[in-house]
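Asker: The structure follows.
The values are calculated or read from the model by the stated rules, or taken from the named source; none is laboratory data. Here the structure is a predicted model, which is why all the values come from computation and not from measurement. A quick note on method: Cβ atoms are made from the backbone with ideal geometry, for glycine too, and the neighbour counts reach across all protein chains shown. All accessible areas refer to the heavy atoms of the entire protein, side chains included, with ligands and DNA or RNA removed. Shrake-Rupley method; radii C 1.70, N 1.55, O 1.52, S 1.80 Å.
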Amino acid sequence: MSPFIIKTIQFLLSLSLLIVLHEMGHFIPAKLFKTRVEKFYLFFDVKFSLFKKKIGETVYGIGWLPLGGYVKISGMIDESMDTEAMSEEPKEWEFRSKPAWQRLIIMLGGVTVNFILALVIYIGMAYAYGDTFIPADGLKDGVYVTEETIGDEIGIQTGDKILAVDGEKIKDFNTIFMDIINGNNITIDRNGETIEKEIPVDFINTLLDDKDRIRFLSFRFPFLIGEVSPESLNIDAGLEPKDEIVEIAGKKVTYFDEVKPILEQYKGQKINLTVIRDNSVRKVIPVVINDSSQIGVRPVMPSMDEMEKRGLLSIQTEKYTFAESIPAGINKGVTTFTGYLKQLKKIFNPDTGAYKGVGGFAAIGGLFPEAWNWQVFWGTTAFLSIMLGVLNLLPIPALDGGHVMFLLYEMVSGRKPSDKFLEYAQVVGFFLLLALILFANGNDLYRYLMEK
C-alpha cells in the first residue's frame, strides 16, 4: 500500500472519529433537554447522501463532502439556513424554545467532548507508551545550528545549551523548536554564561520564507560516512560506509558540524583523513577536497542508543502506572492546549508572518506518518481534537463560538437577538469560514507548487 494511501486512511479515520464525537457532544444534551434533532451527519450531504437511515425522529447519514459534519437541531438557525421553519410559531421541542442555559450547554457540548477526548487519549498514551525523550539538558555539548543565518537572527550558536523559553525550563529536546516558535525570549548557556535573547517577532516569517531552513536546530552528532558519492573525487580513495572521520589534516574532529570550517582551509588540496573503522581500526586515508570544500560523501547519523553509549546525549524513559498516567496525560493535554493558543495568537498577528504557515487538508494529512503507527496516530488525533475544539470556540457566526457569543449576550442583557439578525450573521459567518478554508488550502497548493 502506498504511503499516500496510508496517510489518507489515517486522516479520514481520525477526522471521522473527531466529527462523530464532536456532533455527539451536541446531540446528547439536545436529547436530554427534549430538543428534536432532525439529522446527524458525518460529512456534508450537499444534494445527496452516501448513506442515510431514519431512526425515530432523526435521520443518520454519511455525506460525500468531507469538510466536517453536523447535527440539524429543530428551531435553530444553522448552516442549513432553514428559514421557512423559523417563520412558524416556536414549538416546545425546538431549540429556540429552550432556556438560554440549556441552549448554551447544547452548543458547548461539541468542544467539551473534543477537550475530554484529547485528555483521554493522552492519558491512555501515557499508560500504554510512557514517555521516551532526550532531555534538553542531556546534550553533552549543546545544539547544532544547521542554518547559521537563522541562528544569528535568533542569537543561538552551535554548542549553546538551550535552558528555557519564556522562563519555562525545556524538558524535551524535541519540543524546543515549537517552544521557540511560540515564545518571545530564550535563555541559553554559552560556555557557562547564561544569556537572554529576544525572539524576533517575525521569526516565523523568516523560517517560512525558506522551507529548507524550517528545522534549523539539531543535536550534534559524529561524522559517520553513509555512502561515497559516485561523482566524488574520492570514489576510489578507500573510504567505506560507517567509517567515522575523527581527524582532518591532523585536526581532531568530534562532531559533523566541525568539519566544514576545516575543509574550507584545504579547498582543492590533497590531505589525510583519519577514520575509525568497525569501532576499533584506525586508518589514515589520503583524499582530495573539491572546489566546493567537500569530500564527496554523504553523512549518516548514528542511532540514539549509539549516541547515548558514547555519552554524547542521554535518553530518558518514564513509565507510568494507571494512576500516574492520569496527571501525566492531563499535563500533556494542558501543555498542548496552551501551546496551540500561542500559535493561534501568532497567526492573528500579521507582524509575525505566521499566517503563511496556515495549512488546509493537505497540511493536516501530512501530520500522519507514511507507515501505520498507532502511537503517532493517537497523538495526532489528540492534537487535532484540541485544535478542532479551539477553532470551534472562535466567535465567528456559523461556528459553535458564534452561537455561544450570541447566547452569552442574551443571558447578560436579557435580550435575544432577532431571528433575522441571526440569519444574516450566519451568512456572514459562512462566507468567513469559506474564505478561511480557501486561504488555508491555497497555502497548501502554493507550498506544493513551490516545492516542484
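Asker: Is there a residue in the stretch 223-234 that is open to solvent by 20 Å² or more (accessible area, probe 1.4 Å), among the hydrophobic types (A, V, I, L, M, F, W, C), touching a helix residue (DSSP H, G or I) at 6+ places or on another chain (Cβ under 9 Å) and closer than 26 Å to I156 by Cα?
Answerer: Taking every residue of the stretch 223-234 in turn, at least one turns out to be open to solvent by 20 Å² or more (accessible area, probe 1.4 Å), among the hydrophobic types (A, V, I, L, M, F, W, C), touching a helix residue (DSSP H, G or I) at 6+ places or on another chain (Cβ under 9 Å) and closer than 26 Å to I156 by Cα.
Asker: Output yes when any residue across the stretch 344-364 is under 24 Å from D172 (Cα atoms) and open to solvent by 70 Å² or more (accessible area, probe 1.4 Å), and no when none is.
Answerer: Yes; the residues of the stretch 344-364 include at least one that is under 24 Å from D172 (Cα atoms) and open to solvent by 70 Å² or more (accessible area, probe 1.4 Å).
Asker: Still on this structure, please answer the following. Among residues belonging to the stretch 20-46 that are at pLDDT 90 or above, among the aliphatic types (A, V, I, L, M) and not in a helix (DSSP H, G or I), point out the one that is surrounded by the fewest Cβ atoms within 10 Å (Cβ to Cβ).
Answerer: Top of the filtered list is L42.
Asker: Against the conditions (1) assigned to a helix (DSSP H, G or I); (2) modelled with pLDDT of 90 or more, where does L394 fall short? Just the number, please.
Answerer: Unmet for L394, out of (1) assigned to a helix (DSSP H, G or I); (2) modelled with pLDDT of 90 or more: (1).
Asker: Moving on. Go through the stretch 355-376 and count every residue that is part of a loop (DSSP other than H, G, I, E, B), aromatic (F, W, Y) and more than 15 Å from the chain's Cα centre (by Cα). I'd like the intermediate steps shown before the answer.
Answerer: Of the residues in the stretch 355-376, the ones part of a loop (DSSP other than H, G, I, E, B) are 358-360, 366-373.
Checking which are aromatic (F, W, Y) leaves us with 368, 372.
Now narrow it down to the ones that are more than 15 Å from the chain's Cα centre (by Cα): 372.
The qualifying residues number 1.
Asker: A further question on this structure: Considering the stretch 398-452 alone, what residues qualify as being of a type in the set (D, E, K, R), modelled with pLDDT under 80 and open to solvent by 90 Å² or more (accessible area, probe 1.4 Å)? Break it down stepwise before answering.
Answerer: So in the stretch 398-452, the residues of a type in the set (D, E, K, R) come out as 400, 410, 415-416, 419-420, 423, 444, 447, 451-452.
Those still in the list that are modelled with pLDDT under 80 too: 419, 444, 447, 451-452.
Hits for the stretch 398-452 are E451, K452.
Asker: Continuing with the same structure: Determine, yes or no, whether F11 is under 29 Å from E370 (Cα atoms), among the aromatic types (F, W, Y), at pLDDT 85 or above and open to solvent by 20 Å² or more (accessible area, probe 1.4 Å).
Answerer: In short, yes.
Asker: Take the stretch 262-294 and flag every residue that is out of contact with any helix residue (DSSP H, G or I) (no Cβ under 7 Å at 6 or more places or on another chain), among the aliphatic types (A, V, I, L, M) and open to solvent by less than 40 Å² (accessible area, probe 1.4 Å).
Answerer: Across the stretch 262-294, the qualifying residues are I262, L263, I271, L273, V275, I276, I285, V287.
Asker: What number goes with the only condition from (1) open to solvent by 60 Å² or more (accessible area, probe 1.4 Å); (2) among the hydroxyl-bearing types (S, T, Y); (3) at pLDDT 90 or above that S49 does not pass?
Answerer: (1)
Asker: Return yes or no: is E227 within 35 Å of the chain's Cα centre (by Cα), outside any strand (DSSP E or B), at pLDDT 90 or above and among the acidic types (D, E)? Give the steps one after another, and end with the answer.
Answerer: On the way: within 35 Å of the chain's Cα centre (by Cα): yes; outside any strand (DSSP E or B): no; at pLDDT 90 or above: yes; among the acidic types (D, E): yes.
When the stated conditions are applied, E227 does not pass them.
Asker: For the stretch 133-192, enumerate the residues that are of a type in the set (G, A, S) and surrounded by 15 or more Cβ atoms within 10 Å (Cβ to Cβ).
Answerer: Scanning the stretch 133-192 gives A136, G138, G142, G151, G155, G159, A164, G183.
Asker: Which is hydrophobic (A, V, I, L, M, F, W, C), in contact with a strand residue (DSSP E or B) (Cβ under 6 Å, 6 or more places away or on another chain) and touching a residue at least 40 places away in the same chain (Cβ under 8 Å), of F133, F115, F173?
Answerer: Details: F115 fails: in contact with a strand residue (DSSP E or B) (Cβ under 6 Å, 6 or more places away or on another chain); F173 fails: in contact with a strand residue (DSSP E or B) (Cβ under 6 Å, 6 or more places away or on another chain).
After applying the criteria, what remains is F133.
Asker: So for the stretch 189-205 (the condition being over 25 Å from D166 (Cα atoms) and in a strand (DSSP E or B)), does at least one residue qualify? Break it down into steps so the answer makes sense when it comes.
Answerer: Initially, the stretch 189-205 is screened for residues over 25 Å from D166 (Cα atoms), giving none.
Within the stretch 189-205, not a single residue is over 25 Å from D166 (Cα atoms) and in a strand (DSSP E or B).
Asker: Within the stretch 114-166, which residues are in a strand (DSSP E or B) and either touching an Asp or Glu at 6+ places or on another chain (Cβ under 9 Å) or of a type in the set (G, A, S) (or both)? Please lay out each step first, then the result.
Answerer: Restricting attention to the stretch 114-166, the residues satisfying the condition of being in a strand (DSSP E or B) are 131-133, 135, 139, 143-145, 161-165.
If the condition is that a residue be in a strand (DSSP E or B) and either touching an Asp or Glu at 6+ places or on another chain (Cβ under 9 Å) or of a type in the set (G, A, S) (or both), then D131, T132, F133, P135, V143, Y144, V145, K161, I162, L163, A164, V165 are the ones that fit.
Asker: In addition: Limited to the stretch 296-323, what total is found for residues that are part of a helix (DSSP H, G or I) and in contact with a helix residue (DSSP H, G or I) (Cβ under 8 Å, 6 or more places away or on another chain)?
Answerer: 1
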